[in-house]
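Values in this text are rule-based calculations from the coordinates and carry no lab data. Keep in mind it's a predicted model, so treat the numbers as computed, not measured. Heads up, the Cβs are rebuilt from the backbone with ideal geometry, glycines too, and the neighbour counts pull from every protein chain shown.
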Amino acid sequence: MNDMMKTYGTTDHKEAMNALSVKLKQCRAGLARMTIRQGDLRRGITMANESGDDALCRECGSVLESMKQYSDAARMYEKGGAMEKAAGIYIQTKDFDAATPLMSKITTAKLHSQYAKAKEAVSVTIQKLRI
């Protein structure tokens, strides 16, 4: 225990434990990001969700988006509180069931416009198929 207290530059046990807890959280966040990058998406996403860290969820969403895993990315953005990013991806992938509940939280006119145009395009396509 004394070695740990020296490592973190404190003589207070609680301070040393808090510093250790912060480092452990950082390590787990890095592990979640790298697990996703290495291709074990389910495990990495689970680790990010269990962390309860909104910033980590947004970072993992960004990694997933760069890997073209759009539905997983949107869910991670949503979990991380980045509703506009999540809605943008849901609209892009035409997942209107997931996008609709988010639209009430979106203030960007551009996203509302994209949502309306995409829904209209899908509606027109469905009507053409019926004819």
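Some points to look at:
- Residue order, fewest to most surrounding Cβ atoms within 10 angstrom, among Arg37, Arg130, Arg75, Arg42: Arg130, Arg42, Arg37, Arg75
- Dipole magnitude of the chain about its Cα centre (Cβ charges: Lys, Arg +1; Asp, Glu -1), debye to nearest 20: 480 debye
- Exposure proxy shown here: for Glu59, Glu78, Glu84, the number of other Cβ atoms within 10 Å sets the order, fewest to most, as Glu84, Glu59, Glu78.
- Förster radius 30 Å - calculated FRET efficiency between Asp12 and Arg42, Cβ distance, rounded to 0.05: 0.15
- Positive end of the dipole of segment 83-131 (Cβ unit charges, origin at the Cα centre): among Tyr115, Ile126, Thr93, the Cα lying farthest that way belongs to Ile126.
- A straight Cα-to-Cα reach below 19 Å connects Lys68 with the lysines Lys79, Lys85, Lys94, residues fewer than 8 places away in its own chain not being considered.
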